Amino acid sequence: MDAQALGNEITRVVHTADELAERINQIAKEIDIDYADLDQPLLLVGVLKGAVMVMADLARAVSIPVHMDWMAVSSYGSGTKSSGVVRIIKDLDIDLIGRHVLIVEDILDTGLTLSWLIKNLKSRGPKSIEVMTMLRKPEAVKVEVPTKYLGFDIPNEFVVGFGLDYAEQYRNLDSVAVLSPHVYQG
Ligand code: PRP
C-alpha cells in the first residue's frame, strides 16, 4: 500500500519506500563487512510484529549467510510500555549459545523493550549481540540502547507504516508516515 491510498489518514510521509530501501541496502553492506569472517551464519532475531518488514528486506539485502528467528514480547503494567516490564509471548526456537546475534527492530521508542531484550538474550550465552533498528525517536528515549545499526532518527510523532501499526492497521504501508490526529482521536 502506498501513502496516496491513505488520503487524509496521514499528514505527511517521513521516509519514502525508496529512502527506506536505500538505507537498508547501505546497512546491509556494513553488515556484510562487519560479519564477513563468521564461521557460522549470523542469527537475525526479529521482534514481532513490527520488525517483519525490515527483517524481510534486510535479510534479502545482505550477502552473508543468515539464520532468522523471532520473538514476540508484550509490555505490561500500568501505562503499558512505560513500566519496562516485558513478557515473552513467543520465545526463540534457536539456542543462542555461541551464536552471533543481531536483533532487528522497527523502532526504538522509549528503549525499554530493547534494553530488556538485550539483557534477556545476553543471559543465554551468545558470542555477540548487537542491534539494528530502522527508526529511533531520540526525544522519546528513556533508556540508552547501544544501537550498532540505525536507519533513521525521526521526530517524536505518531508514525505508522513499514511494520508500524495503529490498532493493527497501516503495517503494510510501504513508507513511514505521520498518522493524522483525527484517526486516533476519533
Ligand atoms: C513496538 C516496536 C518495539 C517497541 C518499541 O512494538 O516494535 O518492539 O514498540 O517501543 P519502546 O522502545 O518504547 O519499548 P509494539 O509493542 O508496538 O508491538 P508490535 O511490534 O507488535 O506493533
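Across the chain, the longest run free of exposed loop sites, meaning GluC sites (Glu not before Pro) lying outside DSSP classes H, G, I, E and B with no more than 12 other Cβ atoms within 10 Å, spans 1-138. Structural descriptor for the chain: relative contact order 26 percent, calculated from alpha carbon pairs under 8 angstrom and at least 6 residues apart. For a modelled paramagnetic label at residue 92, 7 Å from Cα along Cα-to-Cβ, the residues of the range 38-57 in reach, with backbone nitrogen under 14 Å, are 41-48.
Does the range 1-136 come out rounded, prolate or oblate by the C-alpha gyration tensor, with a ≥ b ≥ c the root eigenvalues, rounded set by a/c under 1.5 and, if not, prolate when a/b is larger than b/c and oblate if not? In terms of gyration-tensor shape, oblate. Mean residue ellipticity, 222 nm, helices only, the chain: the sum of -39500 (n - 2.57) across DSSP H runs of n ≥ 4, divided by residue count and rounded to 500, is -7000 deg cm²/dmol.
If the chain linking residue 128 and residue 156 were pulled fully straight, counting 0.36 nm for each residue of separation and taking away their Cα-Cα distance, it would gain 7.0 nm.
Solvent exposure of residue 49, expressed as accessible area, is near 110 Å², computed with a probe of 1.4 Å over the protein chains only. As an equivalent ellipsoid, the range 19-59 spans semi-axes of 19, 15, 5 angstrom, where each value is the square root of five times an eigenvalue of the C-alpha gyration tensor, largest first.
The values are calculated or read from the model by the stated rules, or taken from the named source; none is laboratory data. Not measured: the values here are computed from a predicted model. Cβ: placed from backbone, ideal geometry, glycine included. Neighbour counts: every protein chain shown. Accessible surface areas use protein heavy atoms only, side chains included; no ligands, DNA or RNA. Shrake-Rupley method; radii C 1.70, N 1.55, O 1.52, S 1.80 Å.
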